[in-house]
Amino acid sequence: MEANGTAGKMGLEGDSDLQFLLIGGVLLKIRSNSWKKSRFFRLQEDCKTIWHESQRLFKKNQSFSVDDIDSVRMGRQSEGLNKHTHPNDEERCFSIIFKGRKRNLDLMACSNDEAKQWVNGLNKIINNLRNLSRQQKSEHWIINCMRKADKNADNKMTLKELKHFLRQINVECDDTYAEDIFKKCDKSNSGTLEGAEIEHFYDLLTHREEIDVIYGNYAHTEGQMSANDLLDFLLNEQREQATMNDALKLIEKHEIDETAKQKKHMTKDGFLMYLHTEDGSILNPAHKRVYQDMSQPLNHYYISSSHNTYLMEDQLRGPSSTEAYIKALMKSCRCVELDCWDGANGEPVIYHGYTLTSKVLFRDVIKAVKEYAFKTSDYPVILSLENHCSVEQQKLMAHHMVAILGDALVTKPLGNTVPASFPSPEELKGKFIIKGKRMNKLEAAFTNNNTVEEDTVSEEDEAADCTENGQKTKSKKSKMKLAKELSDLVVYCKSVHFSGFEHAKDNQAFYEMSSFKESKAFNLADTSANAFMHHNMDKLSRIYPAGSRTDSSNYNPVPMWNVGCQIVALNFQTPHKEMHINQGRFLPNGFCGYILKPEFQRSLSSQFNPNTPTEGPWGKKKVFHVMIISAQQLPKINKDKHNSIVDPLVRVEIHGVPADNASKETHYINNNGFNPMWNESFQFSIHVPELTMVRFVVEDYDATSQNDLVGQYCLPLTSIHNGYRHVPLLTKRGDVICSAGLFVHLMVLDAA
């Protein structure tokens with residue numbers, strides 16, 4: 001059975017949960033209280049596709065790829081299941097969460113045990129597919145395309161089927177080329193390819209000339225790489241501080257030929273396997289885990305931050321949802337925003353005030369945040385409250401946070417004395433910090449004479465936000481009543497109005513922080529960069545998008561990081577360049593949501609100014625050499641058009657201090673998304689390496705309209721691994737494109 005072969009490759013042969021999925025079963029599909037339908041679901045024999053029946057007139061049978069699944073949640077953990085099912089059915093429910101904007105699939109099994117088997121089986125397949133090397137994913141993808149091209153399923157391939165297959169894998173070729181490759185493989189002259197002939201065709205198709213050249217330059221021992229040859233490659237090409245022991249470990253880890261492994265040799269296939277794994281990736285493997293010092297004060301870190309987190313779409317009429325918080329937290333966002341207003345039945349709600357966006361209960365958001373805050377990162381989460389509630393509903397907000405978050409909620413300073421600086425992310429692991437208005441100084445937390453039940457405080461921050469959103473509501477000098485219960489929960493992030501750097505220096509405590517709309521922040525970064533940076537050395541700053549961005553677009557976060565701003569809040573739901581850069585910024589350090597700022601942004605004696613970066617203690621000037629060699633298995637952009645093939649080009653973008661910003665691109669290649677080759681070299685001068693982001697962009701060239709994005713990848717220059725590297729490609733929304741990637745040569749060198 002084909003499924004057993006596929007399962008074996010995935011290490012799941014004979015697994016009871018997998019066998020259960022292959023047999024399939026009936027699940028209740030739930031969309032609302034009135035829409036609950038029984039549907040049959042089954043895992044296909046390729047172990048990569050879920051088939052399910054449908055009652056749609058023209059789509060009786062439907063399927064989706066396991067690669068499209070982001071996660072599987074056990075229980076009533078989606079907004080839909082929470083609303084439309086009974087708590088007694090908790091253990092029968094589960095949700096399939098898709099990447100991108102595809103609607104969640106909310107399901108209920110016939111029994112608790114069946115629900116567990118579905119969830120366990122799906123998670124095993126997802127984890128195994130994600131753990132495959134890019135080389136293995138590539139093989140799976142090609143074989144699957146070959147199977148689809150074999151229309152009559154006779155395990156043979158005609159010339160017509162071969163042409164169809166080539167178009168499927170994003171290669172357009174003339175009839176002569178297709179006929180030549182077909183004849184070369186059809187050794188039996190039968191007019192079809194089968195068995196060994198198909199294997200020969202596969203070998204011709206996947207042959208990588210550039211790998212032949214690189215491997216040939218170092219394979220000096222019986223036509224193979226000895227451990228010594230491999231060590232020479234690591235030292236000379238990859239510029240790694242490698243030893244003979246490192247070379248032997250790579251052979252043991254990646255070599256697939258047992259005879260070669262016994263000789264301590266690496267074959268070309270083993271070499272390609274090495275290049276396709278984490279060891280050959282552009283991202284320094286040491287940076288995939290938490291490697292930075294996490295014991296510095298909280299304000300010494302860039303913090304992954306979201307603006308109006310509750311919104312799924314635009315700022316005026318889109319839906320508000322707990323799902324938006326879950327998605328942000330699962331991307332290691334560590335500061336989420338809660339826009340709080342009085343709701344019906346005395347229950348506070350979250351929505352974008354004075355707009356048509358939908359509302360979500362405050363308590364439901366706190367429950368979701370509690371459940372998902374620390375699944376991808378253990379480091380603290382800041383709940384940024386924009387409070388527009390009456391005193392009574394503020395008291396309920398405080399009650400919900402204390403009751404739901406429990407001991408994880410920071411309600412008083414750490415230690416027994418009045419603090420003089422922030423605690424560290426390490427000290428705050430697993431904790432929630434509230435940002436909002438506070439009646440008094442933090443010192444009051446250490447006295448017992450604070451008996452005021454409510455007080456009036458300035459509403460500048462909140463009023464400013466409302467005005468920014470195009471609504472003239474209250475003046476910036478307006479006042480609001482604040483409940484003591486809510487005020488007391490604000491410990492390390494007290495919101496205050498910004499009155500200038502000198503005023504802040506003399507009058508603002510370290511825990512008092514200001515929020516800046518983007519226009520104000522960018523102006524300060526342009527005119528008072530060094531002062532802004534010094535302000536951020538002992539205080540936190542939060543930046544948020546202009547209210548005019550009703551489409552939920554984003555500003556460029558890089559200039560804000562350049563002056564040391566920590567909470568640079570972006571609209572996480574909008575997948576464009578700004579979010580790609582944000583994702584890249586927080587990719588290293590274990591994707592934990594915290595990145596330690598460079599030392600020159602933390603030292604009180606620093607004279608650094610990003611607008612005039614002369615050489616100094618902020619890093620010796622570098623030269624970044626990039627050679628774009630080739631790409632592999634780029635996805636089709638227009639899958640609906642049978643003959644649509646991409647014309648790829650690659651752009652390398654540098655985002656950092658103004659003097660470093662640059663962009664260079666290759667020529668485009670006609671009709672080849674499968675294995676295009678450029679061999680084009682670029683060079684970039686870098687003044688401040690520690691603030692430099694590198695973004696690779698692959699586009700489908702179009703002479704008459706804007707190019708379409710094929711894939712992208714972004715990371716800090718300081719996390720780049722020198723040498724020959726494969727670059728994974730991500731979709732517009734930041735999901736990995738299986739089997740697709742770039743092959744490049746990179747070198748970051750000291751400038752002469």
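The values are calculated or read from the model by the stated rules, or taken from the named source; none is laboratory data. Nothing here was measured: the structure is a model prediction, and the numbers come from that model. Cβ sites come from the backbone with ideal geometry, for glycine too, and all protein chains shown count toward neighbours. To get the accessible areas, we keep the full protein, side chains included, count just its heavy atoms, and leave off ligands, DNA and RNA. Shrake-Rupley method; radii C 1.70, N 1.55, O 1.52, S 1.80 Å.
Scanning region 84-115 for residues that are closer than 19 Å to F64 by Cα and assigned to a strand (DSSP E or B) yields F94, S95, I96, I97, F98, L105, D106, L107, M108.
The sole residue among A227, A219 that is at pLDDT 95 or above, touching a strand residue (DSSP E or B) at 6+ places or on another chain (Cβ under 7 Å) and over 21 Å from N284 (Cβ atoms) is A219.
Would you check which residues across region 220-230 are on the phi < 0 side of the Ramachandran plot and open to solvent by 20 Å² or more (accessible area, probe 1.4 Å) and list them? Selection gives H220, T221, Q224, N228.
Candidates in region 74-91 are the residues that are under 30 Å from the mean Cα position of the chain (by Cα) and surrounded by 20 or more Cβ atoms within 10 Å (Cβ to Cβ); of these, the one that is nearest to A115 (Cα to Cα) is R76. Applying the set (1) closer than 20 Å to V369 by Cα; (2) within 19 Å of the chain's Cα centre (by Cα) to K102 leaves exactly one unmet item: (1).
Here I686, I669 are screened, and the one residue that is under 23 Å from R239 (Cα atoms) and β-branched (V, I, T) is I686.
No other residue among I256, I282 is within 18 Å of R208 (Cβ to Cβ) and open to solvent by 30 Å² or more (accessible area, probe 1.4 Å) apart from I256. Mind checking which residues of region 398-427 are surrounded by 22 or more Cβ atoms within 10 Å (Cβ to Cβ) and of a type in the set (A, V, I, L, M, F, W, C)? Once the filter is applied, which keeps residues that are surrounded by 22 or more Cβ atoms within 10 Å (Cβ to Cβ) and of a type in the set (A, V, I, L, M, F, W, C), region 398-427 yields M401, L405, F422. Taking the criterion of being touching a helix residue (DSSP H, G or I) at 6+ places or on another chain (Cβ under 8 Å) and closer than 15 Å to T357 by Cα, the only residue of region 324-338 that qualifies is L338. Checked against the criterion of being part of a strand (DSSP E or B), in contact with a strand residue (DSSP E or B) (Cβ under 6 Å, 6 or more places away or on another chain), at pLDDT 95 or above and crowded, with 21+ Cβ neighbours inside 10 Å, the candidates V748, V697 yield just one match: V697.
Taken as a whole, the condition of being more than 20 Å from the chain's Cα centre (by Cα), surrounded by fewer than 23 Cβ atoms within 10 Å (Cβ to Cβ), among the acidic types (D, E) and over 23 Å from S71 (Cβ atoms) does not apply to D364. Residue by residue through region 588-624, note down the ones that are buried (at least 21 other Cβ atoms within 10 Å of the Cβ) and closer than 30 Å to D708 by Cβ. Passing the criteria: P588, F624. Residues of region 553-582 that are farther than 24 Å from L524 by Cβ, among the polar types (S, T, N, Q) and buried (at least 21 other Cβ atoms within 10 Å of the Cβ): Q573 alone.
So that you can scan it fast, the table gives a plain yes or no per residue for (1) surrounded by fewer than 24 Cβ atoms within 10 Å (Cβ to Cβ); (2) of a type in the set (F, W, Y):
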position: M294; (1), (2): yes, no
position: I303; (1), (2): no, no
position: S306; (1), (2): no, no
position: Y310; (1), (2): no, yes
position: D314; (1), (2): yes, no
position: R317; (1), (2): yes, no
position: A324; (1), (2): no, no
position: K327; (1), (2): yes, no
position: K331; (1), (2): yes, no
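Of the helices (runs of 4 or more DSSP H) contained entirely in region 160-258, those carrying at least 1 residues that are aromatic (F, W, Y) fall at 175-185, 196-206, 209-218, 227-236.
Condition first: in contact with a strand residue (DSSP E or B) (Cβ under 8 Å, 6 or more places away or on another chain) and farther than 21 Å from Q296 by Cα. Now tell me which residues in region 523-544 satisfy that. Residues satisfying the conditions are L524, I543, Y544. Annotation note: Cβ proximity below 8 Å between a residue of region 560-583 that is on the phi > 0 side of the Ramachandran plot and a residue that is of a type in the set (A, V, I, L, M) (sequence gap 6+ or interchain) occurs for G564/M533; G564/M537. Elements of the type helices (runs of 4 or more DSSP H) sitting completely within region 451-525 and holding at least 3 residues that are touching a helix residue (DSSP H, G or I) at 6+ places or on another chain (Cβ under 8 Å) and modelled with pLDDT of 75 or more: these cover 501-507.
The rows are residues; the columns are (1) in contact (Cβ under 8 Å) with a residue 40 or more places away in the chain; (2) touching a strand residue (DSSP E or B) at 6+ places or on another chain (Cβ under 8 Å); (3) more than 25 Å from L283 (Cα to Cα).
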position	(1), (2), (3)
P658	yes, no, no
Y668	no, yes, yes
M677	yes, yes, no
V688	yes, yes, no
Y713	yes, yes, no
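Here is the figure for region 654-671: residues that are open to solvent by 30 Å² or more (accessible area, probe 1.4 Å), assigned to a strand (DSSP E or B) and not acidic (D, E) total 3.
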